[in-house]
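Readers should treat all values here as calculations from the given coordinates under stated rules, not as data from a laboratory. Note that the coordinates shown come from a computational prediction; the quantities given were computed from them, not determined experimentally. Cβ placement follows ideal geometry from the backbone for every residue including glycine, while neighbour counts extend to all protein chains displayed.
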Amino acid sequence: MKIQILLPTVFFILAIQYQGVSRDTMRKAEYRDTVLLAEEVEEITIATFHAPFNFLNTPAPIQIIIPEALETGSAFTPVEALNQVPGILMHHGTLSTNRLTIRGIGSRTPYATNKVKAYFGEIPITGGDGATALEDIENRFIQRIEIIKGPSSSLYGAGLGGVILFYPKSFKNNTIENQTTRASFNTWKNTLSAGFNHKKLNTYLLGSVLNSDGYRENNNTNRVNFMLHSEYALSNRIIFQALLKMTKMKAFIPSSIDLTTYLESPQKAATNWKDVRGYEAYSKGQVGLSAKIHSNKLDKISLAAFGSVKNTDELRPFNLLQEDSEYFGWRGYIQKIWHAGDVKIAMTSGIEFFRENYRWSTRMKKEMQELLSDNLEKRSYENLFLQMETNFRETLYLSTGLNGNFTRFRYTDRIPENGDLSGRHAYPPVISPRLGANYHFSKKLTFFGNISHGFSTPSFEETLLPEGEINAGIQPESGWNTEAGIRVDLNGTFRATVSYYRMYIKNLLVARRTGEDAYVGVNAGRSIHPGLEADIKWIVFNPHSFPSLSLNGNITAANYRFQEFNDQGNDYSGNLLPGTSRITWLAAGKIRFSKNMDIRGWHRHTGKMPVNDSNSTFTKPSGLTNIEIRYSQTVGKVRFELKTGVENIFDVKHISMLAVNAPSFGNAMPRYYYPGHPRNYFLSLQLSFNGLSTQH
């Protein structure tokens with residue numbers, strides 16, 4: 001373990017001593033790449049606030065992920081990039097089974113990402129039950145990601161965990177790209193993309209195919225994606241956008257395993273899932289249309305309509321689950337900006353309207369025509385939001401907002417012969433205010449702080465009791481977040497952000513298992529989420545010469561725990577939240593030997609985690625070390641890039657995901673563990689024609 005932790009340090013020291021590469025002058029584009037797009041990040045206007053102020057003047061815990069970070073490692077999904085953000089812990093069971101937690105929120109969700117709102121452009125990719133499938137996002141289709149940690153965005157629903165915004169890519173030049181990646185476990189992916197820019201029309205298309213046998217038994221995955229992003233400028237004041245995303249996937253499920261199997265044969269699948277060749281298969285389409293209008297009276301008007309259709313089959317050891325869902329909605333806002341000397345005041349107000357139909361049924365696994373259950377749930381919500389930003393002499397920036405949510409659902413039991421359990425329920429309106437401030441002590445030192453309220457509604461499973469009737473007593477989780485921090489910027493060569501936060505959650509939602517495939521939701525108490533985050537970027541060498549070296553790292557020290565929690569006569573008050581770690585940290589670096597070649601290395605450490613509410617069992621801490629080498633060359637209008645790397649260099653046995661509070665039946669041990677990949681390799685080849693890709 002000590003050797004693994006020391007490797008990044010040795011790697012950096014050796015790089016500093018290296019003097020054998022010629023010191024050619026770096027072009028401006030390459031300079032921006034070396035400093036992790038420092039200038040561009042500084043100038044980015046944070047869209048999650050729709051304010052006329054840049055990243056450094058935003059009084060909120062914001063993280064920006066740029067294309068370079070998205071392409072770190074094999075980059076089959078955004079998992080690796082998201083896992084390098086302080087405050088985020090991404091559980092990664094398989095290519096199709098993931099759970100993202102932000103500051104401990106969502107850690108007890110069984111198998112999916114919940115309590116975090118996500119948008120792809122103007123399309124909500126979070127369903128009506130709060131679940132988000134992040135693994136369907138294509139890294140090469142993303143221009144950047146903005147992450148607001150905690151309930152700090154009034155404009156996007158005030159979710160407890162936060163908001164993730166994926167911005168689709170567009171090209172300034174006509175470009176065609178093809179990337180082929182081959183990796184361990186017979187994994188390969190091919191991506192073909194094209195960007196076209198003609199007069200007022202800009203269009204970007206991407207198609208990809210991913211196939212993998214997987215590390216474990218019953219772990220095959222096949223995924224096909226098609227995406228389109230198009231912009232048309234009717235005039236200087238009116239811009240139309242269209243976004244289309246289609247996914248077809250079939251992934252076999254190895255499921256979680258017990259401790260003995262994990263230690264002795266981690267590649268094995270759970271026996272019951274392997275015996276039936278359990279899988280999940282779905283087809284999904286999402287579309288969004290938007291218009292942005294700049295007028296004289298109102299500085300900006302934005303209108304967007306969106307819709308989604310999804311069909312899913314999941315073959316399980318106990319039955320066949322079939323799900324169909326479609327949602328539609330629209331969101332719009334108006335923004336007015338007033339100027340009074342050096343003072344700007346930006347006011348944004350709008351509404352998001354959402355309707356979803358969700359049908360699910362179960363059938364006997366042997367007699368697939370025999371219905372066990374057949375249900376329909378219609379869920380709807382409206383979000384009304386108001387937000388204001390202002391500055392005073394470029395020193396003090398204030399941000400305040402208000403979000404109002406009204407959620408309701410109607411449940412229909414479509415097999416009423418044994419008693420009609422249909423019903424409807426509406427949650428009381430939730431009002432979520434926020435207030436933030438950002439103060440510049442000097443050009444090099446900034447202080448920020450905020451206080452905000454957020455909430456998360458129960459999932460579909462949590463809204464029903466075991467017998468199938470409406471769980472009318474359940475309430476949304478809600479809580480307050482407070483945070484204070486500083487940002488340091490030493491002329492762009494050294495940047496650091498340090499913040500301390502405390503989040504208080506009440507009406508804690510507990511997904512209590514009533515069977516291997518069944519849950520019931522209860523409000524069981526309160527939790528507290530205190531933590532300290534630090535994020536550092538340092539350009540060690542003069543970026544105008546070779547070799548150049550940039551380092552970055554972050555650390556999260558947290559103590560997420562139940563403040564008051566009694567469940568079925570068990571008092572878990574004071575215990576740590578399962579699926580969370582008290583300490584996570586990342587150390588990373590990039591050496592650029594010449595304008596064509598660089599090496600990246602990173603080490604990510606995750607501390608021990610409790611696997612259940614009682615804290616009777618913990619995982620062992622683990623640290624994964626990874627390295628990749630990239631070589632690129634441009635000849636005329638053709639660009640060639642070759643990248644290869646090794647993940648988990650030291651072949652560390654580790655847990656990549658937990659099935660928290662997994663039950664045990666009979667004398668069987670509970671199956672808490674998804675084993676992580678052993679040492680594995682990848683090789684990627686990319687060709688770009690008719691101009692350079694904007695991400696380079």
Dividing the surface of the Cα convex hull of the range 132-206 by four yields a projected area in nm² of 7.2 nm²
Ratio for the range 2-689, C-alpha Rg to 2.2 N^0.38 Å, reads 0.94
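In deg cm²/dmol and to the nearest 500, what is the mean residue ellipticity at 222 nm of the chain if only DSSP H runs of at least 4 residues count, each as -39500 (n - 2.57), divided by the residue total?
Values: 7 runs with 48 residues, N = 696.
Helix contribution divided over all residues of the chain: -1500 deg cm²/dmol.
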Share of Cα-Cα pairs in the range 92-233 beyond 22 Å, whole percent, is 49 percent
Among trypsin sites (Lys or Arg not before Pro) in the range 403-496, those in a DSSP loop whose Cβ has at most 13 other Cβ atoms within 10 Å are Arg414, Lys443, Lys444
The pairs in Lys169/Lys637; Lys506/Lys653; Lys115/Lys284; Lys199/Lys284; Lys248/Lys274; Lys169/Lys284 lying past 27 Å Cα-Cα in this model are Lys506/Lys653; Lys199/Lys284
Thr395 and Glu564 label points (each 7 Å along its Cα→Cβ direction) are spaced in nm at 4.4 nm
Given 187-194, 270-277, 340-347, 154-161, the highest-first ranking by average Cβ count within 10 Å works out to 154-161, 187-194, 270-277, 340-347
Diffing the range 673-690: the Karplus 3J(HN,Hα) column from phi (6.51, -1.76, 1.60, θ = phi - 60°), in whole Hz with x for Gly and Pro, holds 10, 9, x, x, 5, x, 3, 8, 10, 8, 9, 10, 10, 10, 10, 10, 10, 6
If Ile431, Ile137 are placed from fewest to most neighbouring beta carbons inside 10 Å, the sequence is Ile431, Ile137
At q = 0.16, 0.19 Å⁻¹, the log10 of I(q)/I(0) for the range 538-664 from a Debye sum over equal Cα scatterers comes to -0.88, -1.06
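Given an 8 Å cut-off on Cα distances and at least 6 residues of separation, report the relative contact order of the range 233-306 as a percent.
Values: 107 pairs, mean separation 29.1, N = 74.
Reported as a whole number, the value is 39 percent.
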The exposure ranking of Ser152, Ser230, Ser452, Ser499, fewest beta-carbon neighbours within 10 Å first, is Ser230, Ser499, Ser452, Ser152
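Give the calculated FRET efficiency between Ser295 and Ala340 to the nearest 0.05, with a Förster radius of 25 Å applied to their Cβ-Cβ distance. Could you put the intermediate results ahead of the total?
Numbers: r = 20 Å, r/R0 = 0.81.
The formula returns an efficiency of 0.75 here.
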Charge dipole of the range 2-689 built from unit charges on the beta carbon (Lys, Arg +1; Asp, Glu -1), centred at mean Cα; most positive-end Cα among Asn554, Pro124, Leu303 is Asn554
Rounded to the nearest 0.05, FRET efficiency between Leu435 and Asn222 (Cβ-Cβ, R0 51 Å) equals 0.60
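Would you mind working out the magnitude of the charge dipole of the chain relative to its Cα centre, with +1 at each Lys and Arg C-beta and -1 at each Asp and Glu C-beta, to the nearest 20 Debye? Intermediate values should be presented prior to the final figure.
Working: 76 positive and 63 negative charges, 358 e Å.
Once rounded to the nearest 20, the dipole reads 1720 debye.
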At q = 0.27, 0.29, 0.31 1/Å the base-10 log of I(q)/I(0) from the Debye formula over the alpha-carbon atoms of the range 558-601 is -0.93, -0.99, -1.05
The simple spin-label model distance between Gln633 and Phe318, using points 7 Å out along Cα→Cβ, in nm, is 5.9 nm
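By counting other Cβ atoms within 10 Å of each Cβ, how are Phe494, Phe166 ranked from fewest to most? Show your work: numbers first, answer last.
Values: Phe494 15, Phe166 23.
In increasing order of surrounding Cβ atoms, one gets Phe494, Phe166.
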